[in-house]
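Rule-based calculations on the coordinates, nothing more; no lab input. All values derive from a computational prediction rather than experimental measurement. FYI the Cβ positions are ideal-geometry reconstructions off the backbone, even for glycines, and counts take in every protein chain you see.
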Amino acid sequence: MEIPAINLKAIVLVHWLLTVWGSMAWLPHSYAWGNFTVLAIGAWAIAQRDSIDAVVMFLMGQLRQY
């Protein structure tokens, strides 16, 4: 199975910026924990680009937020 051409680094960067921006507001701690967990999985997906599990877990983590 071939992974479609997506720019994981750009997605992680935008997610990080929005997470930091949202964490500066008066949002609950669960917001930060959930988003930083998805960011950690995103870092794993970037580090192991050949791992389908890492990429799919990261993209599913992105979908859970919307």
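Quick notes on this structure:
- Selection from the range 50-65 of residues that are in a loop (DSSP other than H, G, I, E, B) and farther than 17 Å from Phe36 by Cβ: Asp50, Ser51
- Top-ranked residue of the range 22-49 - restricted to ones that are part of a loop (DSSP other than H, G, I, E, B) and not basic (Lys, Arg), ranked as nearest to Gly61 (Cα to Cα): Gln48
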